[in-house]
Amino acid sequence: MASKDGLILDFEIYQGKTTNFPEDVEMGTLGAGGKAVLRLCETCPVGTNLYFDRYFTGVTLLERLMEKGISGTGTIMNNRFPNVGFSNDYKLKKKGRGTLESRVRKDKKIILVRWMDNMASTKHTVAPLENCKRYSRSQQCYLEIPQPNVVRRYNEFKGGIDLLNKLIA
């Protein structure tokens, strides 16, 4: 776990089945990624905002983090959330760049967003939309397209681990 500036906050050396994961968590509902996040957030105070990539993100993990008073935001794979009626990849691409779909859970605690990637968050929402520049190969120029707040925040904070890896290398 690292800050957005690449500072190591906590770590656990993965040792297969003997890794020091929380014992109260069933492996089947979270997987190794979710268990690793729960282990690393044991030292996080209530109100902490965590950002992680698709290997770790799942609705069950977000629920467990909420129980601890910690919010989570991350990219999420299609198979990690139930069928919520998002367009398939082909239909989304056909609608064009900047197409946005979102669903909020009935209890209003988790949002799923489909933009250029799938996102899940217990902290951020779609609004406010802000324009960002993306290159269009077909038009050979940069286009201004609306970007959801959840994506902008994720991109702002997720780079700590990437920076840490770069510094270590």
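The values are calculated or read from the model by the stated rules, or taken from the named source; none is laboratory data. Bear in mind that the values here come from a model prediction, so they are computed numbers and not experimental data. In this analysis, Cβ positions are derived from the backbone assuming ideal geometry, glycine residues included, and neighbour counts consider all displayed protein chains. The area values use the complete protein model at the heavy-atom level, side chains included, leaving out ligands, DNA and RNA. Shrake-Rupley method; radii C 1.70, N 1.55, O 1.52, S 1.80 Å.
So how many residues does segment 60-97 have that are of a type outside the set (D, E) and within 30 Å of T43 (Cβ to Cβ)?
Going through segment 60-97, the residues of a type outside the set (D, E) turn out to be 60-62, 64-66, 68-88, 90-97.
If we keep only those that are within 30 Å of T43 (Cβ to Cβ) as well, we get 60-62, 64-66, 68-77, 80-81.
Qualifying residue count for the region: 18.
Let's see how each residue does on (1) out of contact with any Gly (no Cβ under 9 Å at 6 or more places or on another chain); (2) open to solvent by less than 20 Å² (accessible area, probe 1.4 Å); (3) under 23 Å from L143 (Cα atoms); (4) part of a helix (DSSP H, G or I):
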{"position": "E63", "(1), (2), (3), (4)": "yes, no, no, yes"}
{"position": "M66", "(1), (2), (3), (4)": "no, no, no, yes"}
{"position": "T73", "(1), (2), (3), (4)": "yes, yes, no, no"}
{"position": "G85", "(1), (2), (3), (4)": "yes, no, no, no"}
{"position": "Y90", "(1), (2), (3), (4)": "yes, no, yes, yes"}
{"position": "R97", "(1), (2), (3), (4)": "yes, no, yes, no"}
{"position": "R103", "(1), (2), (3), (4)": "no, no, no, no"}
{"position": "K106", "(1), (2), (3), (4)": "yes, no, no, no"}
{"position": "M119", "(1), (2), (3), (4)": "no, yes, yes, no"}
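Quick check on K68: is it of a type in the set (D, E, K, R) and in contact with a Cys (Cβ under 9 Å, 6 or more places away or on another chain)? Give the steps one after another, and end with the answer.
On the way: of a type in the set (D, E, K, R): yes; in contact with a Cys (Cβ under 9 Å, 6 or more places away or on another chain): yes.
Taking the combined requirement at face value, the residue satisfies it.
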| message | I need the full set of residues from segment 100-142 which are of a type in the set (V, I, T) and over 15 Å from T75 (Cβ atoms), in order please. | response | V104, T125, V126
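Which of the residues belonging to segment 122-160 are in a loop (DSSP other than H, G, I, E, B) and surrounded by 15 or more Cβ atoms within 10 Å (Cβ to Cβ)?
Of all residues in segment 122-160, those in a loop (DSSP other than H, G, I, E, B) come to 122-129, 137-140, 148, 158.
Of everything in segment 122-160, those that are in a loop (DSSP other than H, G, I, E, B) and surrounded by 15 or more Cβ atoms within 10 Å (Cβ to Cβ) turn out to be T122, K123, H124, T125, V126, L129, P148, K158.
Name the residues in segment 87-103 that are more than 22 Å from the chain's Cα centre (by Cα), modelled with pLDDT of 80 or more and not aromatic (F, W, Y), would you? Quick ask: steps written out before the conclusion?
Let us first name the residues in segment 87-103 that are more than 22 Å from the chain's Cα centre (by Cα), namely 90-91, 94-96.
Among the residues that remain, those that are also modelled with pLDDT of 80 or more are: 90-91, 94-95.
Within segment 87-103, K91, K94, K95 qualify.
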| task | Can you give me the number of residues within segment 36-59 that are within 23 Å of Q15 (Cα to Cα) and either over 10 Å from the mean Cα position of the chain (by Cα) or open to solvent by 30 Å² or more (accessible area, probe 1.4 Å) (or both)? | result | 13
| said: Any residue at all in segment 1-12 that's among the small types (G, A, S), more than 13 Å from the chain's Cα centre (by Cα), buried (at least 17 other Cβ atoms within 10 Å of the Cβ) and modelled with pLDDT of 85 or more? | reply: yes
| message | Suppose we filter L112, L167 for residues that are open to solvent by 90 Å² or more (accessible area, probe 1.4 Å) and of a type outside the set (K, R); which single one remains? | response | L167
| said: On the basis of being at pLDDT 85 or above and in contact with a helix residue (DSSP H, G or I) (Cβ under 8 Å, 6 or more places away or on another chain), does L50 make the cut? | reply: yes
